[in-house]
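Q: Sharing a structure below in structure tokens format, with a few things to ask.
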Amino acid sequence: MAANVYASATDGGSGGEPAQTRSGTGVRTAGATIDCPDVGSRLTSVPEQARAEVDKELALLDEQIAKAYQRLSESAQQIQQDSGFADNAIMNPLKEKRGATLERIAIAIDRVGDRPEGLDALAACTVRDSGNQAPEQGEGQDGGGEEQPGQEQDQGGQEQGNGQGQGQGNNGGQAGNGPVAADFADITSVQPNVNSPRQQGNASRGTFATSCGVNENGLFNSDNIIAAPGVTNGAHHFHDYVGNQANNAFASDQDLANAGTSCDDQGDKSSYYWPVLRVQNGTQEQDANSPGGGIEGNAGAIVTPKQVTLDFVGNPRDKVTAMPRLLRIITGDAKAFVNGTANANASWSCTGFEDRQLKDKYPLCPKGSDVVRSFKFQSCWDGRNIDSANHRTHVAFADASGACPSGFRPIPQLVQRIVYDVDAPSLKDGGRTTPLFAVDSFPEQLHKPVTDHGDFINVFDEDLMGEMVDCINDGRKCGAGAEAEPGEKPSQEPGAGEEPSQEPTKTPGAPQEQPTRTPDAPKDGNAGGKPGDTGNDGKDEASNPPATDKPAPEPEPSDSPADEAEVYATPSAKSGDQGGSRDGTGEDSDGLGQSQAVGTATSAAATPAAPPRTEPQAVGSGNLADTGAQLWPAAAGAVLVLAGFVVLRRARRS
């Protein structure tokens, strides 16, 4: 059976050579993969005393599959020459090794609890067609997994390889086990498919954002402290880490609590990690010759994210409760290509198109748009456990209305968004012009996009977690990353001693509103004007004494220091809020006659309004013309008064 499946996937009808695409270009098609039952997901109850031993044996099962897959992918010639080679040399030995490992798992559990039944039935694996070979002309293709709307596209008969000459195999991609052209879809051809549950009366509407960088520190490893603690290379693929800087297979809870963090708020020492993204360009990375890296088919240049946002959001029906410290959550399934999509939770899109999410395809983004991978983590907790034997049953997803399963309570939901500046690959030439990209994966998962997943360990300071819960339940926006909306950079203030730009940034094509001056209506802090224009062109001198004896020139509507501060603090606000306040309160900074720090991002309280004037007035001691105009009437009056006294005095004498 194994030989038949492998041969059907690799026999291109050209003697003993591996398959070629039907376009006759000589580009090799993909072959087969190994499909084994996932034992870990079946073990929903493991006594705590046996957990460490069971975890190590489960990691050994993954290692056995990885080695068997590697031998299978290297044995095309032997399999074609000997129909029994795959079964005799690869699959039967794998079954025996798995059987012995499963027996050790059963014994470990039996020592402290009830022996699990039926584990021996999970020993056998099969060779499975990868689904990566080129379709017959006119046939559709699904690339594995469910077909998404609008994903049909012309692959030009080119299924594999990036043409870099770096160890290409018969499964495509630089390392020979994917990705392939069928794993990509044009995002512009996908229909909007994102729906959010309607918020109800008791909803927790707030957002708490934490900012932890993009792994500038270069913290990578192929461990998995959640699924394979104490096991080196337990993940068989590299991870990016942000937040906690002590995360490796051997980190204890105390190690995590004492570690440094890349997060802006040092009260967040949580660990956030995910498989790295690579471009298949022939680059030899640090792990090129190591387990978890090139040895297991994870090859190419690791791409540092352009942006990572980590938001915790509420529940559309109820208030949320605090996450327990050291809660562990895995979202998605690293083995979804073989296991099926029951636990899959991948979401791929492009900036500007995030109302369209792909589940089992990588996106082809148009020029100027970046690749986005996002995860919405489980948001319901069983109220007791920080982990479970299969790392899933202690948490759950809310249903479509936002309701948690019976016995579960809502917790803040982590929404993770990772943006990459990578170009859409050139599929028609197999990535020769512009290389393919893919996430790292277990080798037999063939770098399929459906296998994307994220991991989280809560190491928030308890007080900060309390602030998060209050913020979300009160409907506020809080946290160190709260100023950075998706797709924008966090607002920044100029450093001490910096001078603001003399000419505020103006958005091309956006007209600058002029302040409205109404003689018979007093102005508020920003009536009808633009940010920073309070209308106090002629403030009373009691509240705003002149800084010098010289008259202050009338400022242009967009030249107040408040506007200059806004340019530094929120450079993108100009185009979106031409006539309103910066902080959403209706108040704005007063830049006229006020002593204000350069680049201050917060708004000052609104200054009491002076009666508006229809003509611009100079502020200060006045000029010579103004002084003369005011003195002549007074002088004339004084002369008349003196004349009156003289007349009265003469009248009395007579």
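Q: Name the one entry in Ala9, Ala32 that is farther than 17 Å from Ala235 by Cα, crowded, with 19+ Cβ neighbours inside 10 Å and at pLDDT 50 or above. Before the answer, list the steps.
A: Details: Ala9 fails: at pLDDT 50 or above.
Going through Ala9, Ala32 in turn, the sole match is Ala32.
Q: Taking the conditions exactly as written (open to solvent by 20 Å² or more (accessible area, probe 1.4 Å), in a loop (DSSP other than H, G, I, E, B) and without any contact (Cβ under 8 Å) to a residue 24 or more places away in the chain), does Ala342 satisfy them or not?
A: On the way: open to solvent by 20 Å² or more (accessible area, probe 1.4 Å): yes; in a loop (DSSP other than H, G, I, E, B): yes; without any contact (Cβ under 8 Å) to a residue 24 or more places away in the chain: yes.
Taking the combined requirement at face value, the residue satisfies it.
Here is a yes/no grid of residues against (1) buried (at least 19 other Cβ atoms within 10 Å of the Cβ); (2) over 25 Å from Ser388 (Cα atoms); (3) touching a residue at least 60 places away in the same chain (Cβ under 8 Å):
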| site | (1), (2), (3) |
| --- | --- |
| Asp268 | yes, no, yes |
| Val279 | yes, yes, yes |
| Asp287 | yes, yes, yes |
| Glu296 | yes, yes, yes |
| Lys319 | no, no, yes |
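Q: Another one. From Glu103, Glu57, Glu63, which residue is in contact with a Lys or Arg (Cβ under 9 Å, 6 or more places away or on another chain), touching a residue at least 12 places away in the same chain (Cβ under 8 Å), in a helix (DSSP H, G or I) and open to solvent by 10 Å² or more (accessible area, probe 1.4 Å)? Reasoning before the result, please.
A: Values: Glu103 fails: in contact with a Lys or Arg (Cβ under 9 Å, 6 or more places away or on another chain); Glu63 fails: in contact with a Lys or Arg (Cβ under 9 Å, 6 or more places away or on another chain).
Being in contact with a Lys or Arg (Cβ under 9 Å, 6 or more places away or on another chain), touching a residue at least 12 places away in the same chain (Cβ under 8 Å), in a helix (DSSP H, G or I) and open to solvent by 10 Å² or more (accessible area, probe 1.4 Å) holds for just one of Glu103, Glu57, Glu63, which is Glu57.
Q: Would you confirm, using the coordinates I've provided, whether Ile90 is more than 24 Å from Leu43 (Cα to Cα) and either part of a helix (DSSP H, G or I) or touching a His at 6+ places or on another chain (Cβ under 7 Å) (or both)?
A: yes
Q: Tell me which strands (runs of 3 or more DSSP E) are completely within the stretch 166-252 and hold 3 or more residues being over 18 Å from the mean Cα position of the chain (by Cα), or say none if there are none. It would help to see each step written out before you state the result.
A: Details: elements: 184-186, 207-210, 239-243.
In the stretch 166-252, the matching strands (runs of 3 or more DSSP E) lie at 184-186.
Q: Somewhere in the stretch 433-441, is a residue in contact (Cβ under 8 Å) with a residue 60 or more places away in the chain, open to solvent by 10 Å² or more (accessible area, probe 1.4 Å), out of contact with any strand residue (DSSP E or B) (no Cβ under 8 Å at 6 or more places or on another chain) and not small (Gly, Ala, Ser)?
A: Filtering the stretch 433-441 down to residues in contact (Cβ under 8 Å) with a residue 60 or more places away in the chain leaves 435-441.
Next, from what is left, pick out any that are open to solvent by 10 Å² or more (accessible area, probe 1.4 Å): 435.
After this cut, where a residue has to be out of contact with any strand residue (DSSP E or B) (no Cβ under 8 Å at 6 or more places or on another chain) as well, the list is none.
Looking for residues that are in contact (Cβ under 8 Å) with a residue 60 or more places away in the chain, open to solvent by 10 Å² or more (accessible area, probe 1.4 Å), out of contact with any strand residue (DSSP E or B) (no Cβ under 8 Å at 6 or more places or on another chain) and not small (Gly, Ala, Ser), one finds none in the stretch 433-441, hence no.
Q: For the stretch 353-367, which residues satisfy the criterion of being under 19 Å from Ala181 (Cβ atoms) and open to solvent by 10 Å² or more (accessible area, probe 1.4 Å)?
A: Within the stretch 353-367, Lys359, Leu364, Cys365, Pro366 qualify.
Q: Out of Ser406, Ser401, Ser379, I need the residue that is closer than 20 Å to Ala203 by Cα, more than 16 Å from the chain's Cα centre (by Cα) and modelled with pLDDT under 95. Which one?
A: Values: Ser406 fails: modelled with pLDDT under 95; Ser379 fails: modelled with pLDDT under 95.
Going through Ser406, Ser401, Ser379 in turn, the sole match is Ser401.
Q: Pull up the stretch 218-266, narrow it to residues that are crowded, with 24+ Cβ neighbours inside 10 Å and aliphatic (A, V, I, L, M), then point me to the one that is nearest to Gly294 (Cα to Cα).
A: Once the filter is applied, the top-ranked residue is Ala235.
Q: What are the residues in the stretch 267-323 that are under 23 Å from the mean Cα position of the chain (by Cα), closer than 30 Å to Gly479 by Cβ, not in a strand (DSSP E or B) and not polar (S, T, N, Q), if any?
A: Those that are under 23 Å from the mean Cα position of the chain (by Cα), closer than 30 Å to Gly479 by Cβ, not in a strand (DSSP E or B) and not polar (S, T, N, Q): Gly267, Lys269, Val276, Pro305, Lys306, Gly314, Pro316, Val320, Ala322, Met323.
Q: List the number of the failed condition for Ser406; all other conditions in (1) of a type in the set (Gly, Ala, Ser); (2) open to solvent by 20 Å² or more (accessible area, probe 1.4 Å); (3) closer than 30 Å to Gly131 by Cα hold.
A: Condition (3) is where Ser406 drops out.
The values are calculated or read from the model by the stated rules, or taken from the named source; none is laboratory data. Keep in mind it's a predicted model, so treat the numbers as computed, not measured. Virtual Cβ from ideal backbone geometry, glycine too; neighbours counted across all protein chains shown. Surface accessibility is based on the protein's heavy atoms, side chains included, excluding ligands, DNA and RNA. Shrake-Rupley method; radii C 1.70, N 1.55, O 1.52, S 1.80 Å.
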